[in-house]
Amino acid sequence: MVSKLALAVTDLRPTPSDQTGPRHVAIIMDGNGRWAQARGRPRLFGHHAGARRVRQIVESCPRLGIKFLTIFAFSTENWARTQAEVAGLMGLFQRYISKEMSALHAADVRVRFVGDRVRLDPKLVALMVELETLTIDNDTVHLTIALNYGGRDEVARATKRLAEDVSAGKLRPEDVDESTFPCYLDTNILPDPDLVIRTSGEARISNFLLWQSAYSEYEFIDTLWPDFEVAELEHLCQTFGNRGRRYGKAE
């Protein structure tokens with residue numbers, strides 16, 4: 001049976017002339033816990049609802065002209081949450097990957113994970129690698145999931161790798177600049193995000209894509225992530241098209 005996600009991607013492929021909105025959208029998916037608590041349910045109930053919302057947003061990407069979608073699933077700071085919530089989230093990630101793997105592949109979605117994998121459960125890492133390997137040749141939508149990710153941690157790890165290459169004579173210090181450094185980031189083969197969205201009403205970037213979002217447009221919206229409808233994403237993409245992005249240049 002062809003999945004709903006596969007049908008959505010197959011039927012709604014954009015043409016180059018359709019591209020007026022952002023090509024790369026990054027989302028800080030915030031508000032799952034508050035959404036659940038407002039309904040008298042445990043926080044993990046909200047995380048499950050948030051995972052279902054991810055599927056709907058991925059389905060909408062081809063129609064909206066979004067080639068690259070990056071979502072913030074778990075930060076390096078989220079380990080400070082209760083042991084029960086962290087364990088529940090890690091179990092949710094494993095179930096989500098197992099459940100969605102075939103549908104994502106059928107929909108021609110390429111999946112990548114960014115972040116430090118050292119602290120993650122080996123079973124989860126194995127599933128991540130399996131999904132990345134399965135979808136490596138897909139190209140309709142590039143879904144990047146930031147898992148145990150922090151912008152400062154990413155820059156620190158990239159700097160360490162760069163320093164090792166300089167020490168080994170693979171790179172000269174004078175060759176290190178704004179064009180070489182991104183090659184050492186987790187996102188090295190991705191374009192920078194055009195639009196970064198944060199749900200739940202909080203107006204901060206929370207250590208997300210610090211280098212990559214230097215010239216991104218930002219939208220901080222009040223909607224809690226489980227309530228974030230495709231229609232709202234479409235509206236944000238449309239308003240993005242009305243912005244003048246000058247990258248420091250005068251009008």
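The values are calculated or read from the model by the stated rules, or taken from the named source; none is laboratory data. Owing to the predicted nature of the structure, the values given are computational and were not obtained by experimental measurement. Ligands, DNA and RNA are stripped out before the accessible areas are found, and what is left, the full protein with its side chains, is counted by its heavy atoms. Shrake-Rupley method; radii C 1.70, N 1.55, O 1.52, S 1.80 Å.
Numbers below:
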quantity: More than 17 angstrom apart: percent of Cα pairs within the range 161-224; calculated: 53
quantity: Carbon and sulfur %, accessible surface of the range 107-251 computed with the full protein complex present, 1.4 Å; calculated: 50
quantity: Bins of 10 Å from zero: percent of alpha-carbon pairs in the chain; calculated: 7, 29, 37, 21, 6, 0
quantity: Å² per residue, accessible surface of the range 102-250 at 1.4 Å; calculated: 51
quantity: Highest-MSF residue in the chain out of L224, L131, L171 [GNM, Cα springs under 10 Å]; calculated: L171
quantity: Helix-only [θ]222 nm of the chain, DSSP H runs n ≥ 4, -39500 (n - 2.57) each, per residue, nearest 500; calculated: -13000 deg cm²/dmol
quantity: Proportion of all alpha-carbon pairs of the range 134-184 beyond 15 Å (%); calculated: 60
quantity: Whether the range 101-226 is rounded, prolate or oblate, judged on the alpha carbon gyration tensor where a/c under 1.5 counts as rounded; calculated: oblate
